[in-house]
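All remarks here apply to the structure that follows.
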Amino acid sequence: MVLLNQTSVYSGTLGGRESDAVAGSKRKRADETMEVEDSPLDLLRSQVAALCKALLKQLQTKSSAAASQAGFQLLIELVTVLPGALSQHSSSVISSAKTTLSQSGANTTTTLHTTTLSFLSLFFKTHPASSFNTSIPTIIPVLLTEATQKHPRVASEAFKVFSSLLQATQPISSADWAAQIYKEAVNRLSRNDTDSEVRASAEEVIGNLWISATPVVSNQGGAEWDALRKGARPEGAVRVIKRVAASNVPMSDDWVVQSVEWVLGVLRRSGRGGRVESFECLDVLLAKGNVPDTIITDVINQLKQYLTIADITILSQALTTLSLLLGKYPKVTYPIVETQIVGLVSSLVCSSLVSGAALSSTEDFYGTLVTADNQIASHIIPSLTTSLDRAGREGSASNVSKCLARVVKCSMGIAAGTIAEFHKHIRPGTKAKESQIVLGLLTLGEIGRSVDMSIQSNVFNDVLQYYTADSEAVRSAAAFASGNICIGNTHVFLPIIVNIIQRDPSRRILALHAIKEVVSNCSHAQLESVAEVVWTPLFERSDTAEEATRNVASASLGKLAAVDPSRYLGQLRAKLQDRSPAVRATVLSALRYTLVDIAPELSQVAPTAVAQRLDEALGELEKTMKDVAVTKDTVKQDLERASELQRSCLRAIAGLSKIRTAGTAPGFEAFVSKLEQTKWGPELKELRQGN
C-alpha cells in the first residue's frame with residue numbers, strides 16, 4: 001500500500017485522477033531519438049493482472065477477516081491510483097465482495113464489511129458501467145441487506161454504494177432495486193432514532209435517485225421530501241434539494257414553492273454557517289420554477305433584514321438573490337426594490353467594509369436593477385453621490401465609483417451626460433471639494449475602461465493635471481483614472497503616459513501607476529499590443545535608486561510576462577545577470593508577480609510536479625502574505641501594492657491547495673490551515689469555491 005501511495009504522488013494521479021501524459025510506454029519523441037522510459041504507472045499497469053489474480057485467490061479462500069480486509073484495502077489503493085484497472089476482472093471482484101458480505105457473523109467483522117463496501121463504492125465510481133452491468137443482479141440482494149443493518153457504519157456505507165451505483169448506471173428507467181433502496185432510505189429518514197451518518201448517506205441516495213432514476217421515484221407520492229424536511233439538521237436536506245433543483249430533472253411548481261417556503265424557514269432559524277448554503281439553494285429554486293407573487297414578496301421582505309454590514313458574506317448572498325429576482329420576476333420585485341431597498345443599498349455601498357464578493361454582488365444588483373427599468377439609471381447616480389456625501393470621511397469613493405460605472409455600462413444612454421457631470425468637478429479652476437474631485441476622477445476612470453473618451457473634449461488632459469496635486473488621495477485617483485481611461489483607447493492615450501514616464505521625472509511614478517492599471521485591467525487581447533509599447537520603457541526605469549519606482553515597474557513587468565511567458569520570461573531571466581543591483585532587484589520582484597499569476601494555471605497543467613514542490617515555495621508565499629510594516633515613510637500606494645500582491649497570492653494558494661495530496665507537503669498544509677484562521681480565511685474559501 002505504501003508503494004501504491006508513492007506511485008500516486010509521483011506519477012500524476014492526485015485524488016484519483018490519472019494523468020493522460022503518462023499513457024503509453026516507450027513512446028518516441030518527435031524531436032528526440034531516445035526512448036521514454038516506462039513510468040511508475042506503466043510498470044504498475046503491467047502488474048495489475050498478476051496482482052488481481054493473487055488477491056482474488058486470497059479473497060475467495062477461507063482467509064481470516066484481517067487478511068480479507070487487507071486485501072480489499074489494497075484494492076482500494078489500486079483503483080485510487082489506477083481508475084478502471086479492474087475492468088477486466090469485474091465479475092470476479094464483485095463475486096469476491098458478495099462472498100465476503102454474505103459471511104456469517106462468526107467469520108467476519110464490522111470493519112471488514114465497511115471496508116468491502118467502501119471498495120465497492122469506489123469501484124463503481126471509477127469503472128465503466130459496461131464492465132460490471134451483468135454482475136449487478138448478483139450482488140444487489142446482499143447490498144440491500146447491508147442497508148438495513150443496525151450498525152450505522154455498515155448501513156451508511158451500503159447507502160454510499162447505491163449512490164455510486166446510481167451515478168454510474170444512469171439513466172435508470174426501471175429497476176426493482178432502485179425502488180427498494182428508495183423505500184429503505186425513506187424509512188431511515190422518517191425515523192427519529194436514525195444515526196446522523198446513516199441519515200446523511202440516505203439523503204444522498206434520495207438526491208441520486210431523483211437525478212439518475214427519475215421514473216422510479218416520481219410516482220412514489222413525495223414521502224421522501226416530507227421526511228427530508230422534518231429532520232433536526234436541515235443542512236443535508238438543503239444540499240439534496242439544491243442538487244435536484246439544479247439538475248435537468250423537471251420538478252413541479254408545487255414542489256418548488258414548498259421548497260422555497262421551507263428554505264425561508266431554514267434561513268430564519270439558521271446560524272451564520274448554515275445560511276450560505278441555504279441562500280444558494282434558494283437561488284437555484286427561484287431560478288428553476290414559476291413562483292407566485294406572494295411568495296416572491298415574502299422572500300424580498302425576509303431579505304431586507306440581511307442588508308447590513310454586520311455580516312458581509314450574508315449581505316453578498318442577499319444582494320445576489322435580489323439580483324436574481326429582478327431578472328426573473330421584475331414585475332413584482334422592481335416596485336418593492338425601488339421604494340424600500342435602493343436607498344438602503346446606496347448607503348451600504350459607501351462602507352469600506354463592503355469589498356470582494358460583497359462589492360461584486362452590489363455592482364451586479366445595480367446592473368440588474370437598471371436592466372429591469374432603464375429609467376431609474378438617472379436617479380441612481382444622484383442617490384449614490386448623496387449617500388457618499390452623507391458618509392463623510394468614512395465613505396468609500398472607490399466603491400461608489402464602481403457602482404456608478406456599472407449603472408452607466410447598463411444604460412449607455414446616460415454615459416455622455418454622466419461623464420460631463422463628473423468632468424465638471426475636475427476642470428481647471430474648479431471649486432469642488434477634494435472628496436468630489438476624488439470621486440470624479442475614480443468614476444471617470446471606471447467609466448473610461450469601457451467607454452472611449454477620446455471624443456470627450458479635454459477629459460484626459462484634465463485628469464493628468466492632478467498628477468501634481470498637493471493631496472496624495474487626489475494624485476492616486478488621477479493615476480487610477482488616467483490608466484483606466486487609457487484602456488478605452490490605448491492607441492490615443494497610451495503614448496501620452498509612456499511619454500511622461502520617459503521625459504517627466506516629477507510625474508513618472510504616477511504614470512507608472514497608470515501603466516499598472518492598464519496592465520492589470522485591460523483585456524488579454526489588448527495586452528499584446530500594450531506590451532509592445534510599454535515593455536522597454538518599463539525596463540528603462542528599473543535602473544534607478546528609487547525603490548517605489550522599481551516596485552511599480554516590476555508589478556507591470558511581472559504581469560506582462562505572465563501573459564506571454566515564452567516571450568518575456570527569457571528576457572527577465574537574462575536581466576538577472578545585469579550588473580546593476582537595482583535591475584536585478586526589479587526582475588526578482590517582477591518574477592514574483594509572474595509566478596503568483598501563473599500558479600493556478602501551473603496547478604492545472606502540471607499538478608503532480610507542482611504538488612511535489614509546494615513546500616519549496618512556502619517561504620515566498622509566507623513572505624507575500626505577511627502584512628507590510630507601516631513606517632513614517634509608508635505611502636498609500638505601498639499599502640495598495642502589498643494588498644494587491646497578497647490577493648494575487650491568495651488566488652494562487654487557492655489553486656495550489658486543490659491539488660495537494662495529504663502528506664506530500666506538510667509545511668504548505670500547515671500554512672493553509674493557519675491562513676484559514678486569519679482575516680483571509682473567508683476570501684480563501686470563496687476563491688476555492690470559484691476555482
- Task: Examine the stretch 181-196 for a residue that is touching a Leu at 6+ places or on another chain (Cβ under 9 Å), touching a residue at least 24 places away in the same chain (Cβ under 8 Å) and open to solvent by 40 Å² or more (accessible area, probe 1.4 Å), and state whether such a residue exists.
- Result: no
- Note on the structure: Sole miss for ARG427 among (1) open to solvent by 40 Å² or more (accessible area, probe 1.4 Å); (2) not in a loop (DSSP other than H, G, I, E, B); (3) not small (Gly, Ala, Ser) is condition (2)
- Task: Taking the residues in the stretch 344-363 that are among the hydrophobic types (A, V, I, L, M, F, W, C) and open to solvent by 30 Å² or more (accessible area, probe 1.4 Å) as candidates, determine which candidate is modelled with the lowest pLDDT.
- Result: ALA357
- Item | Filter result (open to solvent by 10 Å² or more (accessible area, probe 1.4 Å) and within 24 Å of SER435 (Cβ to Cβ)) within the stretch 478-493 | PHE480
- Task: Mind listing whichever residues of the stretch 390-415 are small (Gly, Ala, Ser), open to solvent by less than 60 Å² (accessible area, probe 1.4 Å) and not in a loop (DSSP other than H, G, I, E, B)?
- Result: ALA391, GLY392, GLY395, ALA397, SER398, SER401, ALA405, ALA415
- Filtering the stretch 442-470 down to residues that are closer than 11 Å to GLY483 by Cα and either in contact (Cβ under 8 Å) with a residue 60 or more places away in the chain or not small (Gly, Ala, Ser) (or both), which residue is most open to solvent (accessible area, probe 1.4 Å)? ARG449
- Item | Odd one out for SER387 among (1) over 30 Å from the mean Cα position of the chain (by Cα); (2) open to solvent by less than 30 Å² (accessible area, probe 1.4 Å); (3) among the small types (Gly, Ala, Ser); (4) closer than 26 Å to THR297 by Cα | (4)
- Item | Filter result (part of a loop (DSSP other than H, G, I, E, B) and more than 22 Å from GLY395 (Cα to Cα)) within the stretch 431-464 | ARG449, SER450, VAL451, ASP452, GLN456, SER457, ASN458
- Here are VAL533, VAL518: which of them is assigned to a helix (DSSP H, G or I), of a type outside the set (S, T, N, Q) and open to solvent by less than 10 Å² (accessible area, probe 1.4 Å)? VAL518
- Message: For the stretch 128-154: of the residues being open to solvent by 10 Å² or more (accessible area, probe 1.4 Å) and not in a helix (DSSP H, G or I), which is farthest from LEU189 (Cα to Cα)?
- Response: PRO128
- Task: Kindly check whether there is at least one residue in the stretch 522-536 that is among the hydroxyl-bearing types (Ser, Thr, Tyr), farther than 17 Å from ASN551 by Cβ and more than 32 Å from the chain's Cα centre (by Cα).
- Result: yes
- What helices (runs of 4 or more DSSP H) completely inside the stretch 221-273 contain at least 3 residues that are under 28 Å from LEU315 (Cβ atoms)? 235-246, 253-269
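What do you reckon, is ILE497 more than 28 Å from the chain's Cα centre (by Cα) and crowded, with 22+ Cβ neighbours inside 10 Å?
On the way: more than 28 Å from the chain's Cα centre (by Cα): yes; crowded, with 22+ Cβ neighbours inside 10 Å: yes.
Answer is yes for this residue.
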- Do you know which of the residues in the stretch 155-180 that are within 30 Å of the chain's Cα centre (by Cα) and assigned to a loop (DSSP other than H, G, I, E, B) is surrounded by the most Cβ atoms within 10 Å (Cβ to Cβ)? GLN170
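Could you please find all residues in the stretch 502-515 being part of a helix (DSSP H, G or I) and surrounded by fewer than 24 Cβ atoms within 10 Å (Cβ to Cβ)? Reasoning before the result, please.
Initially, the stretch 502-515 is screened for residues part of a helix (DSSP H, G or I), giving 502-503, 505-515.
Within the stretch 502-515, GLN502, ARG503, PRO505, SER506, ARG507, ARG508, ILE509 meet the criteria.
Give ARG239, ARG233 a once-over and let me know the one that is of a type in the set (Lys, Arg), at pLDDT 90 or above and out of contact with any strand residue (DSSP E or B) (no Cβ under 6 Å at 6 or more places or on another chain). Write out each step before concluding.
On the way: ARG233 fails: at pLDDT 90 or above.
Within the list ARG239, ARG233, the selection yields ARG239.
The values are calculated or read from the model by the stated rules, or taken from the named source; none is laboratory data. None of the values given here were measured: they were computed from a predicted structure. Please note: Cβ atoms are built from the backbone with ideal geometry, for glycine as well, and neighbour counts cover all protein chains shown. For accessibility, only protein heavy atoms count, side chains too; no ligands or nucleic acids. Shrake-Rupley method; radii C 1.70, N 1.55, O 1.52, S 1.80 Å.
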